[in-house]
Amino acid sequence: MDIPKFQKLFYAGPVTSLCFHNDIILFSGQGPYFKVFYVPTGNLLYSHPIMEYWRIYRIVPVKFVKKEEIIIEENKNNETYYNSVVKEQRLLAVYGSKTIQIVNFSIIYYKDKLELPKVSISLESKLSPLRDWIQDVKWLYDDINDLTSTSTNSVNFVGPSTDDPAELAIAFAHNFVEIYNIQNKTCVYSIQCEERCILYSARFFGDTRNELILASGTVFNQVHLWDVMKSNESKDGVVFKKLIGHEGVIFGVSFSDDGKLISSVSDDRTIRVWKTDRNDKSNPLILFGHMARVWDCRILDNYLVSISEDSTCRVWQNSIDLNVSDDASDVDCLACWEGHVGKNVWSLAIDPSKKIVATGGGDSEIRLWSLLSVTNNKIDSDKDLIKIELPPVDSYAHLEENTREHVRNFVLVDYSTVVIATNYGHLLRYSYETKEWLSLFNSKELQHYAMMKASNCGRVVCCGSINGKVFVISVCREFQTVERKLHQCKVFEIFLEETKDPNILHVVSHAVHNEIYLLKLDLNCKIDSEPGFETLYKLSVPQRFLLMSLAFCPSYHLLICGSRESGLAIYNLNSPILSNTEDSIMELSPIIYLRKTHGKQAVTSVALRIDKLKINEEDTEEKLFILKDTDKDYNNIDNDNSVKELQKKEIVGGLVLEQVYKVKITKGWLEKVTFVEGELILLGFYRKRFFVYNEDKRYEMFSVACGGAHRMWHFKAKDKRMDKASFMFIRKENVYIYSRESSANNEGFNECKLQGNFHGRECRIVNNLSYPLNLDLGNEQEYKNPIIFATGAEDSFLRLFQYIPDKLENNLVSLCSIKKHASVIKSVEWSYGIELLLFSSGANEELRCWKVEARPASNQLEVGSSAYPLVNINCLEWSSCPSISEIPETRIMDTSVYPIDPSKGLHFIAAVYSDSVLRVWLFDEKERKFFLIGDAKFHPKCILQVRHLIISASSKDGIILVTSATDGSVAIWDVSTPVYSYLGLYDKNNEVINSLDLGKPVYSYQAHQSGINCLSIHQMSNCVGLYMIVTGGDDNAISTAYVDILWGTSRKEDYYKEIQLIIKLCEKIVKIEAAHGSSIQGIHVLNDTKILSMSLDQRLNLWEIDFYSRDKMKSEIIESEIIKSKIDEHLDSVSKKFDKIVENPESVDKSIIQKSETYEHDNDGFKLIKSEFVDVCDPSSMNILSITDNIIYVTIVGIGIEIFKYEYIQK
């Protein structure tokens, strides 16, 4: 017999609760999982499900921490060691739904060695189930003043002998309060508020019974304050103050530490701060700014911190006691932290020192934010800026009296040094650290006009004059100034690019009439001598190409130029000479030119990043990424018009330029992109501010009030944390510098992300990669292939993940995230032909093909002695299927893909649409195009599912499709004839062919009363030609049909037009009417007798269906002899008409034998042998991956993701 065993391996879902233990330890609640993080390093110290079925809604610690120093004994290598440690203990009340779990938390800090703290958890008493949904809990003390301070956010240390509080106050959703004794689990006090209404939120204030106040957030848009221990004549609690003003239900209330203020947030998207004084009649502070519903707001002295459905966390000025207008504008918003994806930031916590804010999102991500950055990273005052004023004129020049000198141009050569060009052609060096000025150069050529650019190394400054001259000046006076007459007219722009040799620079000079020269600057010269400065090429550019940006790739000798007209030109500096000018200067033309890469917007910046992938001990492979930006968006070689024509172009040396994706910024004016330590940094302007934005981690690093765009500016950063950076700009003829230099640990944490994210919206599909990648990963596990799966969601993101087993943290790695679909993705399918392909489809009739490239990653994770190799994934858009439906809102509900001829790169795609049409496509991997083989319409309603079945034969395999629809019907299609006919014509013509009619299904039956959401086909192991079709539907039922499919029994070897297909139902349909408590969303057949099902009721059920123990097959079958005779008649007709197919493919009339009788359903045979609770809410899809012969991984997605390990042992 088989003994099934389920094990929960991994869960990621919305983070619904956060709470700081102290400044370095953070608790989180994610589903039923209680987690402990070490904030300084971001390590996960502990993770375990403590709530069984319920989400953790809130974690409430006691106010004091038991602390003691102890000596512990440890044995290592047969030797005993004694370590001095600090042990802290704290009692926690963790609640969700109608359950409260009391947790004893213990943590040990090592004093004498650098080790992470060790956490232990013990589960104490449990209150469950209580009478109603819990809205808040509060620990009650006998005499709080003897133990702790009055602040609700403080951490108080006491001795280990201190008694824990024995009572817990509980606020319930129907506005009543009960006080429980924790020791004996009994209710010792209960009171109902006089306002009998439903609450969406509630919060206690007070630590003793006599002080206890409850703020009730009602569904009637009001907040009620009432004393818990006071009652009226009816024994009801009396409301002493009503806070009225919101225009929506109250989602959250929160007291200030002293209880004098209370904040409320609502469905009306406002934040309101009220005074709790019983006699105060003043108006509340009202804050607008969030773009969706607000979930919570905390009061921190002069700040307010709020979270919202718009996926942002905002910091506001708490100006309730200031003289401001009632309706505050967005000027009160001091910071808007955008890091979570999708929608909803559900949880919020602030450390006791009030320096760090932690947020948990619906995307399962936990992020840390620095409250210090509200003042440190938002520069508004000129006091934070360094103003540079020119020295007296007579200190560096001899000019006429009353001559007015001012700054004409400037460059930033390092973090504290600038070079300024004055109106009279003087170049001055200034260090704001030493306050010293030095005259570097002077020329009349640079009077009133000087185009300047500094090298990244800071050694060289180049200047262009109005008369076409170029000057090369040494910042540190290493060499003599070089002067060259390159142009006849004004120099528009100068670019300096570094090469592999630090003493060799490339200089690009651009003048009027698109005269562009590429020069080589050789700094290998003696002091006081002139460096080498020679012209290499004259760059030939397309018509109407005005150079705006430039980047040089030393590894491949590529020059990438962006234009004002949104063009992108790529030059190979190792190209042969194309032509010579009269001056014998080589002229170089672009090897690739892309027009309108950003529509009508200019390419203002081009950035390059080269990734080195380690293949073996001797080799590395380099990958080049080209990144452009415009005023509003940036992309990786992707756009309209001519870029759509770009499929795959080789640039040089095997380097290929391909389309990837495009992203638009949400606000502001983007002027530059750059890579700092491998992370993408965006530089731009929003309103009157300059901003620095980390795109990889999705947050604004800092901003400076500079007056807005359209001004000269320079920016330089040393590291990705911006611990050392400088921003220089001009305003009203004055030069200002904002310089920052700080410690790496001044914020209290190294990484802003404690936990990576999943999808920010409901995930609708998951599909594991089962094809072997053929990578030499060197792992010793039994399952050699990396565990990779693709997901699609309501947020329209296509994402690829890798799961790494047996790790406490970082075991789900995001490999790729692409937003190309316009709306929800309903289906993802893998296929392996010439390349590994991924097909994604969904709303708006979008069907896209992606080429997936996989290589071993250079940074590998290790767990103990076993290595779990990471994989680097590059997902490239390969093709997009044309839309052919007349209804724009048509959705592709499901697809089934099969590589019908892998060697030729031909893939068969069956797609079902919401307009009830089945369409079959051919994808040619080499041509990168979709071709419609045929379509058919049988189901009267939307088709929900499709699966393909390939029946092996001696020559041509049979291609069977099974579809299911919203009316509960299942249809079986034979598409072999039209598919092979189309392939024959395609091989001959290799061009577009008229699509064929797929005809009607060969068989159909009624499986459910309503929609069929999932479908699985399994070939029985001991019966040739016998297949099991299992379906799950909206009627909560599972239906199983056993079908005989006899294929090709009388076919000749190469005469596939005589296709014989016999289908018969071998017994009654086996059906269990109430398999689940809700709609079934996933079904999979494990073997002949085991079926897995998953439903919206959050249950994963394992069923046993006993087919082989039946005494005989049930009667209600289709007589095979009758069907065979009818099929023979049909085949004769098809054979006669086959010869006409080549001349007129549309003339095929495929009349089908269809069985439409309603069969009796047999409820016997199903047996539930195992049921597991699924922590994922709204589960939408289930996928299976076989690891070994008796181990499979079950992946379930919905609002989150969960991975089960299913193991069955035969005894």
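Look through Glu889, Glu845, Glu853 and report the one residue that is over 22 Å from Ile950 (Cα atoms), under 24 Å from the mean Cα position of the chain (by Cα) and touching a residue at least 24 places away in the same chain (Cβ under 8 Å).
It is Glu845.
Find the residue count for segment 39-62, including only residues that are basic (Lys, Arg) and either assigned to a strand (DSSP E or B) or open to solvent by less than 20 Å² (accessible area, probe 1.4 Å) (or both).
1
Limited to segment 696-709, what total is found for residues that are farther than 17 Å from Asp380 by Cα and either at pLDDT 85 or above or surrounded by 15 or more Cβ atoms within 10 Å (Cβ to Cβ) (or both)?
Residues in segment 696-709 being farther than 17 Å from Asp380 by Cα and either at pLDDT 85 or above or surrounded by 15 or more Cβ atoms within 10 Å (Cβ to Cβ) (or both): 3 in total.
Within the group Phe923, Phe930, which residue is closer than 22 Å to Asn994 by Cβ, of a type in the set (Phe, Trp, Tyr), open to solvent by 10 Å² or more (accessible area, probe 1.4 Å) and not in a loop (DSSP other than H, G, I, E, B)?
Only one candidate passes the filter, namely Phe930.
Output yes when any residue across segment 468-475 is surrounded by 18 or more Cβ atoms within 10 Å (Cβ to Cβ), on the phi > 0 side of the Ramachandran plot, touching a residue at least 40 places away in the same chain (Cβ under 8 Å) and within 50 Å of the chain's Cα centre (by Cα), and no when none is. Working first, answer last.
Just the residues of segment 468-475 that are surrounded by 18 or more Cβ atoms within 10 Å (Cβ to Cβ), to begin with: 468-475.
Filter again for on the phi > 0 side of the Ramachandran plot, leaving 468.
This time we only want the ones that are touching a residue at least 40 places away in the same chain (Cβ under 8 Å), so: 468.
Filter once more, so that each one left must be within 50 Å of the chain's Cα centre (by Cα): 468.
Yes, there is a match, as at least one residue in segment 468-475 is surrounded by 18 or more Cβ atoms within 10 Å (Cβ to Cβ), on the phi > 0 side of the Ramachandran plot, touching a residue at least 40 places away in the same chain (Cβ under 8 Å) and within 50 Å of the chain's Cα centre (by Cα).
Just need a number here: residues in segment 475-505 that are more than 21 Å from Ile527 (Cα to Cα), part of a loop (DSSP other than H, G, I, E, B) and among the charged types (D, E, K, R).
2
Considering only residues of segment 264-301 that are closer than 15 Å to Asp332 by Cβ and in contact with a Pro (Cβ under 9 Å, 6 or more places away or on another chain), which is least open to solvent (accessible area, probe 1.4 Å)?
Checking each candidate, the answer is Val273.
Return the pair list, or none, for Cβ contacts closer than 9 Å from residues in segment 235-257 that are at positive phi to residues that are open to solvent by 40 Å² or more (accessible area, probe 1.4 Å) and polar (S, T, N, Q), at least 6 apart or on different chains.
Lys235/Gln192; Gly245/Asn221; Gly245/Gln222; Gly245/Asn283
Restricting attention to segment 111-124, does a residue exist that is of a type in the set (Gly, Ala, Ser), touching a Lys or Arg at 6+ places or on another chain (Cβ under 9 Å) and in a strand (DSSP E or B)?
No: segment 111-124 contains no residue that is of a type in the set (Gly, Ala, Ser), touching a Lys or Arg at 6+ places or on another chain (Cβ under 9 Å) and in a strand (DSSP E or B).
Restricting to segment 907-920, name every residue that is open to solvent by 10 Å² or more (accessible area, probe 1.4 Å) and part of a strand (DSSP E or B).
Arg919
Look through Ile3, Ile71 and report the one residue that is open to solvent by 50 Å² or more (accessible area, probe 1.4 Å), in a strand (DSSP E or B) and under 30 Å from Glu1104 (Cβ atoms).
Of Ile3, Ile71, the one residue that is open to solvent by 50 Å² or more (accessible area, probe 1.4 Å), in a strand (DSSP E or B) and under 30 Å from Glu1104 (Cβ atoms) is Ile3.
When only residues in segment 121-173 that are in contact with a His (Cβ under 8 Å, 6 or more places away or on another chain) and open to solvent by 30 Å² or more (accessible area, probe 1.4 Å) count, which is modelled with the highest pLDDT?
Here the answer is Ile121.
I'd like to check something: does segment 81-92 contain any residue that is more than 24 Å from the chain's Cα centre (by Cα), open to solvent by less than 10 Å² (accessible area, probe 1.4 Å) and either of a type in the set (Gly, Ala, Ser) or modelled with pLDDT of 95 or more (or both)?
yes
For segment 980-991, state whether one or more residues are among the aliphatic types (A, V, I, L, M), within 21 Å of Tyr898 (Cα to Cα) and surrounded by fewer than 21 Cβ atoms within 10 Å (Cβ to Cβ).
So far as segment 980-991 goes, yes, one or more of its residues are among the aliphatic types (A, V, I, L, M), within 21 Å of Tyr898 (Cα to Cα) and surrounded by fewer than 21 Cβ atoms within 10 Å (Cβ to Cβ).
Could you name every one of the strands (runs of 3 or more DSSP E) located completely within segment 202-263 that has at least 3 residues being over 27 Å from Ser319 (Cβ atoms) and open to solvent by 10 Å² or more (accessible area, probe 1.4 Å)?
Because the criterion is at least 3 residues that are over 27 Å from Ser319 (Cβ atoms) and open to solvent by 10 Å² or more (accessible area, probe 1.4 Å), the strands (runs of 3 or more DSSP E) in segment 202-263 that meet it are 222-231, 236-244.
Got a sec? Which of Val294, Val265 is in contact with a Cys (Cβ under 9 Å, 6 or more places away or on another chain), under 28 Å from Asp795 (Cβ atoms) and of a type outside the set (Gly, Ala, Ser)?
Val265
Which residues, taken from segment 995-1014, are buried (at least 22 other Cβ atoms within 10 Å of the Cβ) and closer than 17 Å to Tyr913 by Cα?
Leu998, Pro1001, Ile1012, Asn1013, Cys1014 - these are the residues of segment 995-1014 that are buried (at least 22 other Cβ atoms within 10 Å of the Cβ) and closer than 17 Å to Tyr913 by Cα.
For (1) in contact with a Phe, Trp or Tyr (Cβ under 8 Å, 6 or more places away or on another chain); (2) within 13 Å of Leu539 (Cβ to Cβ); (3) at pLDDT below 90; (4) surrounded by 20 or more Cβ atoms within 10 Å (Cβ to Cβ), each residue gets a yes or a no:
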{"residue": "Leu505", "(1), (2), (3), (4)": "no, no, no, yes"}
{"residue": "Val508", "(1), (2), (3), (4)": "yes, yes, no, yes"}
{"residue": "Asn514", "(1), (2), (3), (4)": "yes, yes, yes, no"}
{"residue": "Tyr517", "(1), (2), (3), (4)": "yes, yes, no, no"}
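The values are calculated or read from the model by the stated rules, or taken from the named source; none is laboratory data. These numbers were taken from a predicted model, which means no experiment stands behind them. Neighbour counts run over all protein chains shown; Cβ positions are idealised from the backbone, glycine included. Heads up: the accessible areas ignore ligands, DNA and RNA and are worked out on the full protein's heavy atoms, side chains in. Shrake-Rupley method; radii C 1.70, N 1.55, O 1.52, S 1.80 Å.
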